Amino acid sequence: MFSFLKKDEPVSSSPLAIGDYIVLQSVLDDEIKASEKTRAELENTFAALTSEIEQTKKKIADVESSTKNLQNRRKSVDDAIAGKKPIFLTDSEFAAIRQRKDSQKFCRAFYSLNGAPKVEISDDIIIGRSRECGIVIPDLLVSRKHAIISRREDGFWLEDLGSTNGTVLDGKKLSKFESVKLGESCIIGIGTSRILFEVPSDSPDSSDASV
């Protein structure tokens, strides 16, 4: 039904003059052209949307692939930290590490093992039984590479490295590979040892540190 006719509108059976038929022809031609134009515009819109949908699907697939690669790389880094298999870093990873460390130099923290004098944490530090660790605990209850204290943009974090007997933070046992932000004063329990972690009150990070 044409736009100028209403649905179910009664049609007059009265005969028209030839001139009226010619005028109606012109009206119908205009309606046909308008309808064809609308159809063409809708087809173009549909084609554009279809193309955009396909492009979006491809972007989603690319992001999923990238995410999977990053997750696999993260697992490789976890394995390297745990001493399972070393990895080689790319130039971009070296650059990212340098940039992250440079942005974190302002933040200071200290640890004390079993009441010993405090030692400043100048870099990420692994805790474990291995002599390769930054904090060495010669205790059979401690895994070779047990946990790590790492410095991130928002402060210091403690992460269990899949230890056999677990890591305890302020009386709460962490799950394997669990990562928790450290407060400005915490007690880390590893084996029979206790590590006091502190962020000085004059450190920019101490104002918003929380467990």
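Pairs meeting the criteria (first residue in region 168-180 and without any contact (Cβ under 8 Å) to a residue 40 or more places away in the chain, second residue assigned to a strand (DSSP E or B) and exposed (fewer than 14 other Cβ atoms within 10 Å of the Cβ), beta carbons under 8 Å, at least 6 apart or on different chains) are Gly171/Ile187. Only one entry of Ile121, Ile125, Ile137 meets the criterion of being touching a Leu at 6+ places or on another chain (Cβ under 9 Å) and either under 21 Å from Glu198 (Cα atoms) or modelled with pLDDT of 90 or more (or both), and that entry is Ile137. Residue-level check: of (1) under 20 Å from Ala82 (Cα atoms); (2) open to solvent by 10 Å² or more (accessible area, probe 1.4 Å); (3) not in a loop (DSSP other than H, G, I, E, B), Lys176 misses just (3). Scoring Arg74 on the criteria (1) under 28 Å from the mean Cα position of the chain (by Cα); (2) open to solvent by less than 80 Å² (accessible area, probe 1.4 Å) leaves a single failure, condition (2). Of the residues making up region 77-121, those that are loosely packed, with under 10 Cβ neighbours inside 10 Å and either under 19 Å from the mean Cα position of the chain (by Cα) or aromatic (Phe, Trp, Tyr) (or both) number 3.
Of all the residues in region 134-160, those that are farther than 23 Å from Ser185 by Cβ and buried (at least 18 other Cβ atoms within 10 Å of the Cβ) number 2.
The values are calculated or read from the model by the stated rules, or taken from the named source; none is laboratory data. As the structure is a computational prediction, the values presented were derived from the model and not from experiment. Cβ atoms come from the backbone with ideal geometry, glycine included; neighbour counts cover every protein chain shown. All accessible areas refer to the heavy atoms of the entire protein, side chains included, with ligands and DNA or RNA removed. Shrake-Rupley method; radii C 1.70, N 1.55, O 1.52, S 1.80 Å.
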